[in-house]
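Just below is one structure, and these are the notes that go with it.
The values are calculated or read from the model by the stated rules, or taken from the named source; none is laboratory data. Source: prediction; values computed, not measured. Glycine gets a Cβ as well: all are built from the backbone with ideal geometry, and neighbour counts include every protein chain shown. Areas reflect the complete protein model, heavy atoms only, side chains present, ligands, DNA and RNA absent. Shrake-Rupley method; radii C 1.70, N 1.55, O 1.52, S 1.80 Å.
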Amino acid sequence: ARFTQNSYVDALEISEVSFGQVWFRKPGLMKWHYTSPSEQVFVIRDGTLWLYQVEPRQVIIDDFKETLISDLPVSFLLGIGDIKKDFRLNKACQNAEGIVMELSPAGSGPRQAELKNFKLLVNPDSFVPRGAFVVDVGNNSTAMLLNEIKLNPEIAQEVFSSEFGSGLDISDRRLERRQNQE
(Lines give C-alpha, C1' and ligand atoms only; values in the text may rest on other atoms or scores of the structure.)
Protein backbone atom coordinates (compact mmCIF):
# COMPACT_ATOMS: atom_id res chain seq x y z
CA ALA A 1 0.00 0.00 0.00
CA ARG A 2 0.95 3.62 -0.21
CA PHE A 3 0.64 5.61 2.99
CA THR A 4 0.31 9.11 4.35
CA GLN A 5 1.38 9.65 7.94
CA ASN A 6 0.71 12.70 10.10
CA SER A 7 2.82 12.82 13.27
CA TYR A 8 2.66 15.31 16.12
CA VAL A 9 5.15 15.62 19.00
CA ASP A 10 3.33 17.47 21.76
CA ALA A 11 6.32 18.57 23.87
CA LEU A 12 7.95 20.26 20.86
CA GLU A 13 4.68 21.29 19.19
CA ILE A 14 6.00 19.89 15.90
CA SER A 15 3.93 18.27 13.17
CA GLU A 16 5.23 16.36 10.18
CA VAL A 17 3.55 14.77 7.18
CA SER A 18 5.30 11.76 5.64
CA PHE A 19 4.63 9.65 2.56
CA GLY A 20 5.79 6.29 1.31
CA GLN A 21 5.02 2.66 0.67
CA VAL A 22 4.48 -0.26 3.07
CA TRP A 23 4.61 -4.05 2.73
CA PHE A 24 3.26 -6.63 5.21
CA ARG A 25 3.68 -10.37 5.13
CA LYS A 26 2.38 -12.53 7.93
CA PRO A 27 3.73 -13.60 10.24
CA GLY A 28 6.15 -10.94 11.39
CA LEU A 29 7.43 -9.19 8.26
CA MET A 30 6.96 -5.49 7.62
CA LYS A 31 8.73 -2.79 5.61
CA TRP A 32 8.00 0.93 5.60
CA HIS A 33 9.79 2.96 2.90
CA TYR A 34 9.42 6.67 3.60
CA THR A 35 10.07 8.82 0.54
CA SER A 36 9.19 12.22 2.01
CA PRO A 37 10.14 14.43 3.81
CA SER A 38 13.38 12.42 4.01
CA GLU A 39 14.07 8.95 2.68
CA GLN A 40 14.29 6.22 5.29
CA VAL A 41 13.43 2.55 5.51
CA PHE A 42 12.11 0.52 8.46
CA VAL A 43 12.31 -3.27 8.19
CA ILE A 44 10.83 -5.52 10.88
CA ARG A 45 11.75 -9.18 10.73
CA ASP A 46 12.32 -11.89 13.34
CA GLY A 47 11.57 -9.47 16.20
CA THR A 48 14.29 -7.07 15.02
CA LEU A 49 13.88 -3.57 13.61
CA TRP A 50 16.33 -2.00 11.17
CA LEU A 51 16.09 1.74 10.50
CA TYR A 52 18.06 2.89 7.48
CA GLN A 53 18.40 6.64 7.09
CA VAL A 54 19.60 7.33 3.56
CA GLU A 55 21.18 10.63 4.61
CA PRO A 56 23.38 10.42 6.79
CA ARG A 57 23.88 6.77 5.60
CA GLN A 58 23.09 5.33 9.01
CA VAL A 59 21.52 2.05 10.14
CA ILE A 60 20.07 1.59 13.62
CA ILE A 61 19.26 -1.96 14.74
CA ASP A 62 17.11 -2.72 17.78
CA ASP A 63 14.65 -5.19 19.23
CA PHE A 64 11.24 -4.36 17.78
CA LYS A 65 9.50 -4.36 21.18
CA GLU A 66 12.10 -1.94 22.62
CA THR A 67 11.51 0.73 19.99
CA LEU A 68 7.79 1.34 20.42
CA ILE A 69 5.95 2.73 23.39
CA SER A 70 3.30 0.11 22.72
CA ASP A 71 3.71 -2.63 20.14
CA LEU A 72 0.03 -3.55 20.35
CA PRO A 73 -1.24 -1.49 17.37
CA VAL A 74 1.41 -2.95 15.07
CA SER A 75 1.50 -6.53 16.38
CA PHE A 76 -1.75 -7.63 14.78
CA LEU A 77 -0.66 -6.18 11.40
CA LEU A 78 2.47 -8.32 11.66
CA GLY A 79 0.31 -11.38 12.23
CA ILE A 80 1.82 -11.92 15.69
CA GLY A 81 -1.00 -10.39 17.70
CA ASP A 82 -4.70 -11.06 18.07
CA ILE A 83 -6.91 -7.99 17.88
CA LYS A 84 -9.78 -9.80 19.63
CA LYS A 85 -7.52 -10.87 22.50
CA ASP A 86 -5.29 -7.77 22.75
CA PHE A 87 -7.97 -5.06 22.54
CA ARG A 88 -11.45 -4.19 23.77
CA LEU A 89 -13.84 -2.44 21.40
CA ASN A 90 -15.07 0.74 23.11
CA LYS A 91 -17.21 2.04 20.29
CA ALA A 92 -17.47 2.11 16.51
CA CYS A 93 -19.06 4.22 13.82
CA GLN A 94 -19.10 4.38 10.06
CA ASN A 95 -18.03 7.42 8.05
CA ALA A 96 -17.27 8.06 4.38
CA GLU A 97 -13.82 6.42 4.72
CA GLY A 98 -14.98 3.20 6.41
CA ILE A 99 -15.63 1.86 9.90
CA VAL A 100 -13.78 3.59 12.74
CA MET A 101 -13.25 1.44 15.81
CA GLU A 102 -12.05 2.96 19.07
CA LEU A 103 -10.01 0.31 20.88
CA SER A 104 -8.29 0.06 24.24
CA PRO A 105 -5.71 -2.48 25.40
CA ALA A 106 -7.23 -5.56 27.02
CA GLY A 107 -4.21 -6.01 29.31
CA SER A 108 -2.85 -3.76 32.01
CA GLY A 109 0.95 -4.07 31.59
CA PRO A 110 3.31 -1.09 31.49
CA ARG A 111 3.42 -1.00 27.68
CA GLN A 112 -0.38 -0.99 27.47
CA ALA A 113 -0.51 1.90 29.96
CA GLU A 114 1.52 4.05 27.54
CA LEU A 115 -1.21 3.80 24.90
CA LYS A 116 -3.79 6.54 25.51
CA ASN A 117 -5.95 6.20 22.39
CA PHE A 118 -6.08 3.81 19.43
CA LYS A 119 -8.55 4.09 16.58
CA LEU A 120 -8.54 1.71 13.66
CA LEU A 121 -10.13 2.47 10.29
CA VAL A 122 -11.23 -0.61 8.32
CA ASN A 123 -12.87 -1.17 4.96
CA PRO A 124 -16.61 -1.76 5.61
CA ASP A 125 -16.77 -4.65 3.13
CA SER A 126 -13.54 -6.57 3.75
CA PHE A 127 -12.57 -5.26 7.23
CA VAL A 128 -9.02 -4.78 5.92
CA PRO A 129 -7.24 -2.01 7.88
CA ARG A 130 -7.11 1.28 5.97
CA GLY A 131 -5.69 3.50 8.67
CA ALA A 132 -4.99 4.10 12.32
CA PHE A 133 -4.74 6.90 14.85
CA VAL A 134 -2.55 6.37 17.92
CA VAL A 135 -2.03 8.72 20.88
CA ASP A 136 0.41 7.99 23.69
CA VAL A 137 0.20 9.27 27.27
CA GLY A 138 2.45 12.20 26.33
CA ASN A 139 -0.20 13.33 23.79
CA ASN A 140 2.09 12.51 20.87
CA SER A 141 0.00 11.27 17.97
CA THR A 142 0.38 9.42 14.70
CA ALA A 143 -2.34 9.18 12.08
CA MET A 144 -1.82 6.78 9.19
CA LEU A 145 -3.95 6.34 6.07
CA LEU A 146 -3.32 3.52 3.57
CA ASN A 147 -4.17 3.89 -0.12
CA GLU A 148 -3.76 1.71 -3.21
CA ILE A 149 -3.92 -1.41 -1.03
CA LYS A 150 -3.07 -4.63 -2.84
CA LEU A 151 -4.18 -7.72 -0.96
CA ASN A 152 -2.15 -10.94 -1.09
CA PRO A 153 0.36 -9.94 -3.77
CA GLU A 154 3.46 -12.06 -4.26
CA ILE A 155 6.15 -10.25 -2.27
CA ALA A 156 9.72 -11.40 -2.77
CA GLN A 157 11.64 -12.23 0.42
CA GLU A 158 14.28 -9.69 -0.67
CA VAL A 159 11.80 -6.87 0.01
CA PHE A 160 12.38 -7.52 3.73
CA SER A 161 16.18 -7.57 3.43
CA SER A 162 18.25 -5.71 6.00
CA GLU A 163 21.14 -5.20 3.57
CA PHE A 164 21.41 -1.51 2.72
CA GLY A 165 24.84 -1.33 1.11
CA SER A 166 28.37 -0.65 2.29
CA GLY A 167 30.03 2.30 3.98
CA LEU A 168 27.22 2.76 6.48
CA ASP A 169 27.42 3.89 10.10
CA ILE A 170 25.77 0.99 11.98
CA SER A 171 24.51 1.30 15.56
CA ASP A 172 23.27 -1.95 17.10
CA ARG A 173 21.32 -0.89 20.18
CA ARG A 174 20.74 -4.51 21.15
CA LEU A 175 24.48 -4.95 21.75
CA GLU A 176 24.75 -1.58 23.52
CA ARG A 177 21.88 -2.55 25.84
CA ARG A 178 23.50 -5.90 26.67
CA GLN A 179 26.85 -4.23 27.41
CA ASN A 180 25.17 -1.72 29.72
CA GLN A 181 23.42 -4.53 31.59
CA GLU A 182 26.71 -6.34 32.25
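Can you give me the number of residues within the stretch 84-100 that are part of a strand (DSSP E or B), at pLDDT below 95 and either of a type in the set (A, V, I, L, M) or under 16 Å from the mean Cα position of the chain (by Cα) (or both)? So the answer is 1.
Among the criteria (1) among the acidic types (Asp, Glu); (2) surrounded by 15 or more Cβ atoms within 10 Å (Cβ to Cβ); (3) modelled with pLDDT under 90, the one residue 62 does not fulfil is (3).
Scanning the stretch 22-33 for residues that are more than 12 Å from the chain's Cα centre (by Cα) and modelled with pLDDT of 95 or more turns up nothing. For the stretch 142-175, filtering for residues that are open to solvent by 80 Å² or more (accessible area, probe 1.4 Å) and on the phi > 0 side of the Ramachandran plot leaves 2.
Taking the stretch 22-45 as the range and being surrounded by fewer than 16 Cβ atoms within 10 Å (Cβ to Cβ) and either out of contact with any Gly (no Cβ under 7 Å at 6 or more places or on another chain) or polar (S, T, N, Q) (or both) as the test, the residues that pass are 35, 36, 37, 38, 39.
Would you please name the residue that is most open to solvent (accessible area, probe 1.4 Å), looking only at residues in the stretch 1-19 that are free of Cβ contacts under 8 Å to residues at least 24 places away in the same chain and at negative phi? Here the answer is 12.
One residue stands out in the stretch 119-141 among those that are open to solvent by 50 Å² or more (accessible area, probe 1.4 Å) and in a strand (DSSP E or B): the one that is nearest to residue 23 (Cα to Cα), namely 133. For residue 5, state whether it is more than 19 Å from residue 169 (Cα to Cα), under 14 Å from the mean Cα position of the chain (by Cα) and not small (Gly, Ala, Ser). Yes.
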